[in-house]
Amino acid sequence: MFTWKTTSFIKKNKGKEVEMRTKLKIDRIILRKMKMPLKDPFETSFGAIKDRTFMIVEIHGEGEVGYAEVVTESAPLYNEECVGTAWHVMEEFLIPLMFKNQQYIQHPDEISAIFKQIKRHYLAKSGLESAYWDLHAKLGNKSLSSILSGQKESIEVGVSIGIQTSISELLVKIDSYLTEGYRRIKLKIKPGWDYDVLREVRNHFPHIPLMADANSAYTLQDINLLKKLDEFNLLMVEQPLSHDDIIDHSILQKELNTPICLDESIHQVDDVRKALDLGSCQIINIKIGRVGGLTEAKKIHDYCLSRNIPVWCGGMLEAGLGRAHNIALASMQNFNIPGDTSPSSRYWEEDILEEPIQFSQPGMINVPKGPGIGVNVNLEKLNKYTTLLKTYDSSEF
Ligand code: OSB
Ligand code: MG
């Protein structure tokens, strides 16, 4: 049997328990495994998916429910996590830690300190932390955006387009997304679907804000090809090299005019400091899941602001609940590049919300003002796409 180390967090907060704790008693946590069909298959350099497999977390307490998504897939292809690992780590370690320490939690910012003794597993941690943020905001009757000190009433939106079977098909897609109003086009690239594709796209659309995301498909041996991408005046190239690298990226960035943006390599604000000091990138993609939750996302946002580094909000093909968390985050001031925060209709025929997330005007989404994430889940649809459900009751811990 594993025994828990008493975290420095508990030592620090123990004396304060009675007078300072927020009124938030968690009654139960529900984990759901979800499977939702995508409108179109989505292909990246690491694979193609037709159905999105992920998890939803519900935290029930004080008569309210906080919701979040665990943005894993069924296989560990984007990073090392998948639904199986996330469920295991949540059930065995993170949920017990949350229940056992809940009386000491005064603010959701403190949860990451409780989880810190468990190494990595950022997507799993983020699911629980994010659901707690939603519940905390709902109980305070404040929007998630407002408790993150979000300043924007609406956010600019870009679109991420997967690898297609032909360039002509891609051109048609880009044209239709531009007509819908998307403010930035991101193309997935991989060896064999890169230079020629981007050249054709640039010829057809000489002035659009355009970028490419390689999902770590290249190595320094491809440096000549990557240098040639400078011809296309891209906003940035996202994660060209290995998912865990910042050293080779620093060598590559010195050879490129195009800014490098890091996605997979960044988990903690310290990773950002090291990458910037090495000169490995000039822009940071912030995904709530990949950095372990909103607390770390805020730290990265604030740190990048202090170093004059732009950030933008990435996406993980979220359903409406995860999408709403992303929109709240993207309302913070330094999110000054359109994010991968498309409306529900980009991915889903049917989202799991009462009202799908929509453009308020072409290319813009209004930041919800209601309590918490500010969207209402449709329970019937949530249940329709749930393939496994388990309840963890506080009395068992
Ligand atoms: O690298 O940003 C990525 C989707 C799944 C996994 C990784 C990535 C993506 C996307 C799509 O680019 C972003 C979105 O529209 O949700
Ligand atoms: Mg990416």
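The values are calculated or read from the model by the stated rules, or taken from the named source; none is laboratory data. The model shown is predicted, which means the values in this text are computed figures rather than measured ones. Cβ coordinates were reconstructed from backbone atoms using ideal geometry, including for glycine residues, and neighbour counts include every protein chain displayed.
So which residues in the stretch 58-71 are more than 15 Å from the chain's Cα centre (by Cα) and in a strand (DSSP E or B)?
58, 59, 60, 61, 64, 65, 66
Write out, first by first residue and then by second, each pair whose Cβ atoms fall under 9 Å of each other, whose residues are 6+ apart or on separate chains, and whose first residue, in the stretch 188-215, is modelled with pLDDT of 95 or more and basic (Lys, Arg) while the second is part of a loop (DSSP other than H, G, I, E, B) and exposed (fewer than 15 other Cβ atoms within 10 Å of the Cβ).
Filtered contacts from the stretch 188-215: 202/233.
Check off (1) surrounded by fewer than 18 Cβ atoms within 10 Å (Cβ to Cβ); (2) closer than 25 Å to residue 302 by Cβ; (3) within 14 Å of ligand 2 (Cβ to nearest atom) for residue 260 and give me the number that stays unchecked.
Only one criterion is unmet by residue 260, namely (1).
How many residues does the stretch 211-269 hold that are away from ligand 1 (no atom under 16 Å from the Cβ) and of a type in the set (S, T, N, Q)?
9
Answer yes if at least one residue in the stretch 143-161 is in a loop (DSSP other than H, G, I, E, B) and within 16 Å of ligand 2 (Cβ to nearest atom), and no otherwise.
yes
Among the numbered criteria (1) at pLDDT 95 or above; (2) in a helix (DSSP H, G or I), which one does residue 118 miss?
With (1) at pLDDT 95 or above; (2) in a helix (DSSP H, G or I) applied to residue 118, the lone miss is (2).
Restricting the first residue to the stretch 275-300 and requiring it to be within 19 Å of residue 237 (Cα to Cα) and at pLDDT 95 or above, which pairs with a second residue that is among the acidic types (Asp, Glu) and within 16 Å of ligand 1 (Cβ to nearest atom) meet a Cβ separation below 8 Å and a spacing of at least six or different chains?
The qualifying pairs are 285/238; 285/263; 287/263; 290/263; 290/264.
Inside the stretch 66-80, can you point out the residues that are crowded, with 18+ Cβ neighbours inside 10 Å and more than 16 Å from ligand 2 (Cβ to nearest atom)?
Across the stretch 66-80, the qualifying residues are 66, 67, 68, 69, 70.
If you scan the stretch 348-363, which residues turn out to be buried (at least 17 other Cβ atoms within 10 Å of the Cβ) and more than 25 Å from residue 65 (Cα to Cα)?
If the condition is that a residue be buried (at least 17 other Cβ atoms within 10 Å of the Cβ) and more than 25 Å from residue 65 (Cα to Cα), then 359, 363 are the ones that fit.
Enumerate the pairs (first residue in the stretch 61-88 and farther than 16 Å from residue 51 by Cα; second residue anywhere and in a strand (DSSP E or B) and small (Gly, Ala, Ser)) with beta-carbon separation below 9 Å, excluding pairs fewer than 6 apart on the same chain, so at least 6 apart or on different chains.
64/372; 66/372; 67/372
Among the residues of the stretch 200-249, which ones are among the polar types (S, T, N, Q) and buried (at least 17 other Cβ atoms within 10 Å of the Cβ)?
215, 216, 239, 242
Can you tell me which residues in the stretch 218-258 are under 17 Å from residue 200 (Cα atoms), assigned to a helix (DSSP H, G or I) and not charged (D, E, K, R)?
Of everything in the stretch 218-258, those that are under 17 Å from residue 200 (Cα atoms), assigned to a helix (DSSP H, G or I) and not charged (D, E, K, R) turn out to be 225, 226, 229, 232.
Looking at the stretch 149-169, can you tell me whether even one residue there is more than 26 Å from residue 266 (Cβ to Cβ) and crowded, with 17+ Cβ neighbours inside 10 Å?
Applying the first criterion (more than 26 Å from residue 266 (Cβ to Cβ)) to the stretch 149-169 yields 153-154, 164-169.
Checking which are crowded, with 17+ Cβ neighbours inside 10 Å leaves us with 164.
Yes, because at least one residue in the stretch 149-169 is more than 26 Å from residue 266 (Cβ to Cβ) and crowded, with 17+ Cβ neighbours inside 10 Å.
What's the number of the condition residue 281 fails, among (1) crowded, with 23+ Cβ neighbours inside 10 Å; (2) part of a strand (DSSP E or B); (3) not polar (S, T, N, Q)?
Of the numbered conditions (1) crowded, with 23+ Cβ neighbours inside 10 Å; (2) part of a strand (DSSP E or B); (3) not polar (S, T, N, Q), the odd one out for residue 281 is (2).
Working only within the stretch 308-364, note down all residues that are within 16 Å of ligand 2 (Cβ to nearest atom), of a type in the set (Gly, Ala, Ser) and either touching a helix residue (DSSP H, G or I) at 6+ places or on another chain (Cβ under 7 Å) or part of a loop (DSSP other than H, G, I, E, B) (or both).
314, 315, 339, 342
What is the number of the single condition among (1) farther than 25 Å from residue 232 by Cα; (2) within 16 Å of ligand 1 (Cβ to nearest atom) that residue 339 does not meet?
With (1) farther than 25 Å from residue 232 by Cα; (2) within 16 Å of ligand 1 (Cβ to nearest atom) applied to residue 339, the lone miss is (1).
Name the pairs: first residue in the stretch 329-350 and free of Cβ contacts under 8 Å to residues at least 40 places away in the same chain, second residue of a type in the set (Asp, Glu) and assigned to a loop (DSSP other than H, G, I, E, B), Cβ to Cβ under 6 Å, at least 6 apart or on different chains?
344/351
Kindly indicate the residue of the stretch 325-336 that is among the hydrophobic types (A, V, I, L, M, F, W, C) and within 13 Å of ligand 1 (Cβ to nearest atom) and also surrounded by the fewest Cβ atoms within 10 Å (Cβ to Cβ) among those meeting that condition.
327
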